Amino acid sequence: MSPGNGAVTENNANASKARLGELLVDVKNLKMYFPITEGIVFNRTVAEVKAVDDVSFYINKGETLGLVGESGCGKTTTGRCILQLEKATAGEILYEGQDLTKLSQKEMSTVREKIQVIFQDPFSSLNPRMKIGDILGEPIKVHGIIKDAEERNKRVRELLSLCGLNPKFADRYPHEMSGGQRQRVGVARALALNPEFIICDEAVSALDVSIQAQVINLLEDLRDEFDLTYLFISHDLSVIRHICHRVSVMYLGHMVELAECDELYENPIHPYTRALLAAVPIPDPAIEANRKHEVVKGEVPSPINPPSGCVFHPRCTLAVDSCSKDVPEFREIKPGHWVACTQV
Ligand SMILES: Nc1ncnc2c1ncn2[C@@H]1O[C@H](COP(=O)(O)OP(=O)(O)OP(=O)(O)O)[C@@H](O)[C@H]1O
Ligand SMILES: [Mg+2]
């Protein structure tokens, strides 16, 4: 059962019921192991990269769930599994109650209209040879949403202005735009098919801080206007705090903590979350100078041969002997606040 998604305790039974009615995405025990093959014909699996290892979470309609963690912890892979760009090794991905992992390609193409993605690098994700108008018009045409060319052009101009761009940009090529403008095109492209759910994978990470804020504001406005739901993937805790309702923290393919946004930032419980938050600089030099930083010791281990027991134990300040043997249960410490640690 996904965290917070059932009547786990008496106290949260009613809250859970209320949430259940609005459930949109429910990921249960997701695993994605990439085989590492060897040999002339590349068919002998010698090891596996455990990119995502038993991850569960839900997202309600209209909600933004943040997915945060260091590089390589499995954020993008989680998003790609939901989009069915990777075939999950195990687990269920329920979208409006329908398990996406069990759909045929044809069935999935209908659902895919409702689930869109915005990538980090707007330049490499936009075809440099196509004008912006064609980049936005093509999916509308291919999916048969608007058949009439003139009507389609009108919709393209509308999408551009919705995303804060001059409709005349339809005649431009991607290289004639700034990074922030291109990312607005990325947002417009994601909106073109009237989606319900958008996966934003490091959607603002490549932009300057001031432009980041503008694109985040745009995403928030669009969320409110079109009742969108986001999975917001980022390694940047400040960005996540700005836009997310709830936040989940990943480490080496595992989810270590999940809570309401303010609760996570004000009362982080897992030693890894605490260390991540302690590393975020405070923009006041006087406070920053006197701060004690809890730095995580050592390097992130390889997902090919992850540590036994709790994957964080070799770097954890609270670790005891049993942490190298027992896999910690992801448990609800307070209503809605989930932590995978036996020592807290
Ligand atoms: N197709 C693949 N084949 C093998 N290993 C892969 C593949 N895709 C991802 N991985 C590995 O899976 C792990 C998780 O990668 P992923 O891209 O999901 O991390 P991430 O959290 O998105 O990192 P970043 O913050 O750098 O984007 C990494 O160790 C990565 O090398
Ligand atoms: Mg990534």
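Read-outs: derived from the displayed coordinates by stated rules, not from any lab. Just so it is clear, the model here is predicted, and its values are computed rather than measured. As a convention, Cβ positions derive from the backbone with ideal geometry for all residues, glycine included, and neighbour counts pool all protein chains shown.
Simple spin-label estimate for Lys154 and Arg172 gives 2.5 nm between the two label positions (7 Å along the Cα-to-Cβ direction from each Cα).
Size descriptors for segment 130-259: radius of gyration and Dmax over Cα atoms are 15.9, 51 Å.
The calculated FRET efficiency for the pair Gln214 and Gln343, based on their C-beta separation and a Förster distance of 56 Å, comes to about 0.85.
Building the convex hull from the alpha-carbon atoms of segment 130-193 and averaging its projection over directions returns 3.6 nm². Multiplying each eigenvalue of the alpha-carbon gyration tensor of segment 184-255 by 5 and taking the square root yields semi-axes of 20, 15, 11 Å, largest first, rounded to whole angstroms. Here the chain carries DSSP beta bridges of which approximately 65% are antiparallel, counting only pairs with both residues inside. Once the C-beta distance of Ser161 and Val320 is scaled by a Förster radius of 45 Å, the resulting FRET efficiency is 0.15 to the nearest 0.05.
Relative to the present Cα-Cα distance, how much length would full extension add between Ser109 and Leu85 at 0.36 nm per residue of separation? Before the final figure, lay out each step's value.
Working: separation 24, 0.36 × 24 = 8.64 nm, distance 1.18 nm.
Value of the extension gain: 7.5 nm.
Report the normalised scattering of the chain as log10 I(q)/I(0) at q = 0.08, 0.16 Å⁻¹, calculated by the Debye formula with identical scatterers on the alpha carbons. Taking Cα atoms of the chain as identical point scatterers yields -0.42, -1.44. Over the chain, dividing the summed -39,500 (n - 2.57) contributions of all DSSP H runs of at least 4 residues by the number of residues returns a 222 nm mean residue ellipticity of -9000 deg cm²/dmol.
Summing Lys, Arg as +1 and Asp, Glu as -1, what charge do residues with Cβ under 12 Å from the Cβ of Asp262 carry, Asp262 excluded? Walk me through the intermediate numbers first.
Details: positive: Arg241, Arg246; negative: Glu260, Glu263, Glu266.
Net charge in that neighbourhood comes out at -1.
Straight Cα distances below 16 angstrom link Lys61 to the aspartates and glutamates Glu22, Asp26, Glu96, Glu196, Glu220, Asp221, Asp224, Glu225, Asp227, Glu260, with same-chain residues fewer than 8 positions distant left out. In terms of distances greater than 30 angstrom between alpha carbons, the cross-link table entries Lys50/Lys141; Lys75/Lys297; Lys106/Lys168; Lys114/Lys168; Lys102/Lys325 yield Lys50/Lys141; Lys106/Lys168; Lys102/Lys325.
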